[in-house]
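Structure first, then comments.
The values are calculated or read from the model by the stated rules, or taken from the named source; none is laboratory data. Keep in mind the model is a prediction, meaning the values are calculated, not measured. Don't worry about glycine lacking a Cβ; one is built from the backbone with ideal geometry, like all the others, and counts go over all protein chains shown. Ligands, DNA and RNA are stripped out before the accessible areas are found, and what is left, the full protein with its side chains, is counted by its heavy atoms. Shrake-Rupley method; radii C 1.70, N 1.55, O 1.52, S 1.80 Å.
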Amino acid sequence: MKVLSIVGARPQFIKAFPLSAALRGDHEEVLVHTGQHYDTGLSEVFFEELAIPEPDHHLGVGSDTHGRQTGRMMIELEALCERESPDAVLVYGDTNSTLAGAIVAAKGDPLLCHVEAGLRSYNRAMPEEINRVLTDHVSDVLCVPTERARSNLASEGIAEGVSVTGDVMYDAIRWARERAADTAEILAELGVSEGEYVLATVHRAGNTDDRGRLEAILRTLSGLSKPVVLPAHPRTVARIEDFGIEDATAGIRLIEPVGYLDFVRLLDGADRVATDSGGVQKEAFFLDTPCVTLREETEWVETVEAGWNSLVGTDPEAIRAALIGDRDRPPKPSLYGDGTAAEAIVAALAEAVGGSGTETGAESGAGSEIEPESGTAGEER
Ligand code: UD1
Ligand code: UDP
């Protein structure tokens, strides 16, 4: 089968890494980068480090309002779908690139496959919630990471086409954890010691674009006695400048975004992580690092129920208490599959496309060991 995969933002490159490997075992993949993220540290670094194949098409859409950005992507993707005539379009997660791909595919001929379907924060003020709900409701193949995601869909009347595949980010981190421990020098570069610092990420619009919330988070992190390392998203850096609150970061090691292996190493070695990221909450769980989530709700509720994730919002006392209190956590349940989600997704998709006559990655074992080839990616995009 011929699959057009659409990526555009940082978390999608990481999700595409195991899936591209599994897909290319027996099928044809046309990889499209919308250009939603374009800084080297938010895009190219992942293609190089993970040897993700160079995109076949780069749309160069860039940053803009939601409507203009999504609209521009749709115009380009519609033309591309007509030219490439894929059997299926594959979209990941909940970004504007996801929604643009979903609308175009749903109105065209290809089947639409949503990876990481069924997640819900039930907070419609988040643009990502709108993107994921709309995408799910027009998808033909819905690959959900957990049983809970399946039941979220069922409660919205979506049962057909749903497969519980496990989580593709678990596939990725199983590969990355060991390599990061062997190769990443980031702890030494930053002068921090294993288990003795807090890692933080803040980029969610609801936090960065609200001065009170952003300032509360930064001042609280700044006041901790442990070192705090914060690889900052450009949106966050811009808002700190716009609000003139640079002094709120005085006690924080504010650094540029780091590559995936450095990030995994930092997360693995941290005493705890404070974050408003979706993916980082799960990765913290995978790496046994207690997570403090700077939001009022989460899509990844099972990490909270398991006792590994505390939802604290932006209340300074709650953040501080969660970051300095007892670190012991209950035994971890297995929540996100066995690290073979990519193969399961390829199998579900191949079945839906109607059996192309080729052996799927799951049957052949292709992609079960992710091994980037050196020198195959990272040239001009
Ligand atoms: C997007 C996703 C979010 C995801 C995040 C991953 C949507 C609605 N949101 O949010 O779900 O968690 O990506 O990181 O799609 N910018 C740069 N350089 C870049 C990219 C962006 O400077 O390479 C700046 C621009 O000023 C831009 C802002 O960051 O306006 C926000 O970028 P955008 O892609 O619109 O949203 P994210 O906050 O990154
Ligand atoms: N990440 C990274 N470098 C960083 C921050 C995050 O490689 O400086 C990775 C992280 O490991 C995770 C993904 O980016 O896999 C999460 O992306 P982000 O938080 O931007 O998006 P979200 O998951 O919230 O959509």
When you check E54 against the structure, is it more than 15 Å from ligand 2 (Cβ to nearest atom), at negative phi, among the acidic types (D, E) and open to solvent by less than 40 Å² (accessible area, probe 1.4 Å), yes or no?
no
Based on what the data block shows, is T293 in contact with a strand residue (DSSP E or B) (Cβ under 8 Å, 6 or more places away or on another chain), among the β-branched types (V, I, T), open to solvent by less than 20 Å² (accessible area, probe 1.4 Å) and farther than 20 Å from T220 by Cα?
no
Which ones in the range 106-118 are in a helix (DSSP H, G or I) and touching a residue at least 60 places away in the same chain (Cβ under 8 Å)?
none
Filtering the range 226-254 for residues that are more than 16 Å from ligand 1 (Cβ to nearest atom), free of Cβ contacts under 8 Å to residues at least 12 places away in the same chain and on the phi < 0 side of the Ramachandran plot leaves a count of 2
May I ask you to list the residues in the range 296-315 that are surrounded by 16 or more Cβ atoms within 10 Å (Cβ to Cβ) and part of a helix (DSSP H, G or I)?
V301, E302, T303, V304
From the list D109, D94, which one is among the acidic types (D, E), over 15 Å from the mean Cα position of the chain (by Cα) and open to solvent by 10 Å² or more (accessible area, probe 1.4 Å)?
D109
Yes or no: G8 within 15 Å of ligand 2 (Cβ to nearest atom) and buried (at least 22 other Cβ atoms within 10 Å of the Cβ)?
yes
Taking the range 171-204 and keeping residues surrounded by 15 or more Cβ atoms within 10 Å (Cβ to Cβ) and in a helix (DSSP H, G or I) leaves D171, A172, I173, R174, W175, A176, R177, R179, A180, I186, L187, L190
Please determine, by comparing only the residues of the range 274-290 that are in a loop (DSSP other than H, G, I, E, B), more than 8 Å from ligand 2 (Cβ to nearest atom) and open to solvent by less than 10 Å² (accessible area, probe 1.4 Å), which one is nearest to G93 (Cα to Cα).
L287
Scan the range 68-90 residue by residue and report those that are open to solvent by less than 60 Å² (accessible area, probe 1.4 Å) and within 12 Å of ligand 1 (Cβ to nearest atom).
Q69, T70, M73
Candidates L221, L266 - the one that is within 15 Å of ligand 2 (Cβ to nearest atom), assigned to a helix (DSSP H, G or I) and open to solvent by less than 40 Å² (accessible area, probe 1.4 Å):
L266
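Kindly indicate which of S121, S63, S151, S97 is touching a helix residue (DSSP H, G or I) at 6+ places or on another chain (Cβ under 8 Å), in a helix (DSSP H, G or I) and hydroxyl-bearing (S, T, Y). Explain how you work it out, then say what you get.
On the way: S121 fails: in a helix (DSSP H, G or I); S63 fails: in a helix (DSSP H, G or I); S151 fails: touching a helix residue (DSSP H, G or I) at 6+ places or on another chain (Cβ under 8 Å).
The unique qualifying residue is S97.
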For the range 316-334, which residues satisfy the criterion of being in a loop (DSSP other than H, G, I, E, B), open to solvent by 40 Å² or more (accessible area, probe 1.4 Å) and within 16 Å of V198 (Cα to Cα)?
D326, R327, D328
From the list S63, S121, exactly one residue is within 16 Å of ligand 2 (Cβ to nearest atom) and buried (at least 17 other Cβ atoms within 10 Å of the Cβ). Which is it?
S121
